[in-house]
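Participant: My structure is below; once you've seen it, I'll send some questions.
The values are calculated or read from the model by the stated rules, or taken from the named source; none is laboratory data. Only a predicted model underlies this, so the values are computations on that prediction, with no experimental measurement involved. Cβ sites come from the backbone with ideal geometry, for glycine too, and all protein chains shown count toward neighbours. Quick note on the areas: whole protein, heavy atoms, side chains included, nothing else; ligands and nucleic acids left out. Shrake-Rupley method; radii C 1.70, N 1.55, O 1.52, S 1.80 Å.
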Amino acid sequence: MRIAFTSNGPGELAGWLRPLARALYAREPAIDLTAFFVPDDYATGHEAGVARALFPRMRVVEPRAYVLFALGRGTADLPAGADLVQYLGGDLMHAARLHRRLGGRARSYKFSRPRYRALFERVYAVDAANESEIERWGTPRDRVEVVGNLAVDGALAEAAGAFGGTEPDPSAVDGGVLIMPGTRRREVANLVPFFLQTAIWLRRFAPGVRVAFGLSPFTNDDELRRALAQGGDPRFWGSRGTLDSDAIVASGGERFPIVRDALRYAPRAGCALTIPGTKCIELAAVGVPTIVCTPLNAPELIVVNGPLTYLDRIPLAGAAVKRAVVLRLGRRFPLLAQPNIDAGEELMPELRGALMPGRVARVVAEYLGDGAERARAAGALRALYAAHAGAADRMARSLLTGAA
């Protein structure tokens, strides 16, 4: 069977494509899979390389090559057709374009729109609420199939070592804090220095606590060195530092280990510290108490859906307008971490606004000292997504059997 996927950013690759491709290869080792990475403001630019490393047998198409292909310019190494085009991220129009080029059938996951009602023969849903949402978008209920949240399987597999990596070193983070600062360029540039200064303060508030940085394969060493050398936008009050093989070294000499298989280490931590995104679902799936930060120190640097994200590129007033728009949008959402939204309560404590590293460190230190609350949160988070385990295999089975 030949399946072509659309994908875009780090969350979609790690949370959706990675577990689904793993399940498909487990069921049908000779399957022909192609991942088309489409242009997207949420992308890091490293998605295609990460996908190749994860799945050497998968055909991987870079965004630039995809654009040429979508415009009608194919090459010998790209597929001439597909049995199925499966949307797994990016704008839905890319799945429609691929379907026109490759033929076959088309399916989507989590998203649809009325204009694509005739295109997608089946739309896979995360849960009952998503099922109702897809129906409101015009897809008849008998063409919607609830499979669960694919990111849960991705997290459980990574935590179990299914994607490789070394055995976790207990000295890195056991009982301490695992910081996961984000993967997009502006997040690396500003939040790595911000969280480095947070880690320095945390060591002062809780001497002896283990603090490690969990960095994803979407962040390369050159980006990390630049971020540490520049110290980020001054409005984030970050710290400069250097990269020393497997550690971040602050300008004052404090060393903080780097772990690349973050979800293998996360269950050993007392808590995690991160930002909104797929990471929150992954941490919830493995039952890790987590504090979620949304620094609004420079709102105009935040990527948002749609054309509004480009407002800051307008000369003179653009940055101020986007800053106001982002702050107004944020007020519409009392909760930003997806597990909190799904639970309807703040299982992961959220900090939002113009944040200071010292304040964040103080909150983390207090949370580490509240073992009962962390134990309650860990149990509730794990239970929140327990029923989603197996989503990738359920979806793979449906794709391979052609159920519609």
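Participant: Might you let me know whether the stretch 389-404 holds any residue that is farther than 18 Å from Leu20 by Cβ, at pLDDT 95 or above and in contact with a strand residue (DSSP E or B) (Cβ under 9 Å, 6 or more places away or on another chain)?
Facilitator: Within the stretch 389-404 (the criterion being farther than 18 Å from Leu20 by Cβ, at pLDDT 95 or above and in contact with a strand residue (DSSP E or B) (Cβ under 9 Å, 6 or more places away or on another chain)), the answer is no, since none of the residues qualifies.
Participant: Return yes when Ala70 is open to solvent by less than 50 Å² (accessible area, probe 1.4 Å) and more than 19 Å from the chain's Cα centre (by Cα) and no when it is not.
Facilitator: The answer is yes for Ala70.
Participant: Please go through the stretch 197-242 and give me each residue that is within 24 Å of Val50 (Cα to Cα) and free of Cβ contacts under 8 Å to residues at least 12 places away in the same chain, ordered by number.
Facilitator: Asp222 - this is the single residue of the stretch 197-242 that is within 24 Å of Val50 (Cα to Cα) and free of Cβ contacts under 8 Å to residues at least 12 places away in the same chain.
Participant: Restricting attention to the stretch 19-56, which residues are closer than 26 Å to Ser398 by Cβ and of a type in the set (Lys, Arg)?
Facilitator: The answer is Arg22, Arg27.
Participant: Kindly indicate whether Gly238 is at pLDDT 95 or above, of a type in the set (Gly, Ala, Ser) and over 30 Å from Ala372 (Cα atoms).
Facilitator: Here the answer is yes, as Gly238 does meet what is asked.
Participant: Ok, one more. Identify, please: which residue in the stretch 239-282 is surrounded by fewer than 20 Cβ atoms within 10 Å (Cβ to Cβ) and among the polar types (S, T, N, Q) and is, among those, nearest to Ala159 (Cα to Cα)?
Facilitator: That would be Ser245.
Participant: How do the helices (runs of 4 or more DSSP H) wholly within the stretch 90-162 filter down when requiring 3 or more residues that are acidic (Asp, Glu) and surrounded by fewer than 23 Cβ atoms within 10 Å (Cβ to Cβ): which remain?
Facilitator: Where helices (runs of 4 or more DSSP H) fall fully within the stretch 90-162 and carry at least 3 residues being acidic (Asp, Glu) and surrounded by fewer than 23 Cβ atoms within 10 Å (Cβ to Cβ), they are 128-136.
Participant: I'd like the full set of residues that are open to solvent by less than 50 Å² (accessible area, probe 1.4 Å) and within 21 Å of Pro29 (Cα to Cα), limited to the stretch 55-65.
Facilitator: Passing the criteria: Phe55, Met58, Val60, Val61.
Participant: Mind checking which helices (runs of 4 or more DSSP H) fall wholly inside the stretch 291-368 and carry at least 2 residues that are open to solvent by 40 Å² or more (accessible area, probe 1.4 Å) and without any contact (Cβ under 8 Å) to a residue 12 or more places away in the chain?
Facilitator: It comes to 318-331, 357-368.
Participant: May I ask you to verify whether Pro39 is in contact with a Gly (Cβ under 9 Å, 6 or more places away or on another chain), assigned to a helix (DSSP H, G or I) and touching a residue at least 24 places away in the same chain (Cβ under 8 Å)?
Facilitator: no
Participant: While we're here: Restricting to the stretch 250-288, what's the tally of residues that are in contact with a Cys (Cβ under 8 Å, 6 or more places away or on another chain) and part of a loop (DSSP other than H, G, I, E, B)?
Facilitator: Counting residues in the stretch 250-288 that are in contact with a Cys (Cβ under 8 Å, 6 or more places away or on another chain) and part of a loop (DSSP other than H, G, I, E, B) gives 2.
Participant: Which residue out of Gly72, Gly49 is closer than 24 Å to Arg184 by Cα and of a type outside the set (Phe, Trp, Tyr)?
Facilitator: Checking each option against the conditions leaves just Gly49.
Participant: Please work out which one of (1) open to solvent by 10 Å² or more (accessible area, probe 1.4 Å); (2) closer than 22 Å to Ala266 by Cβ is the condition Ala199 fails and give its number.
Facilitator: In the conditions (1) open to solvent by 10 Å² or more (accessible area, probe 1.4 Å); (2) closer than 22 Å to Ala266 by Cβ, Ala199 misses (1) alone.
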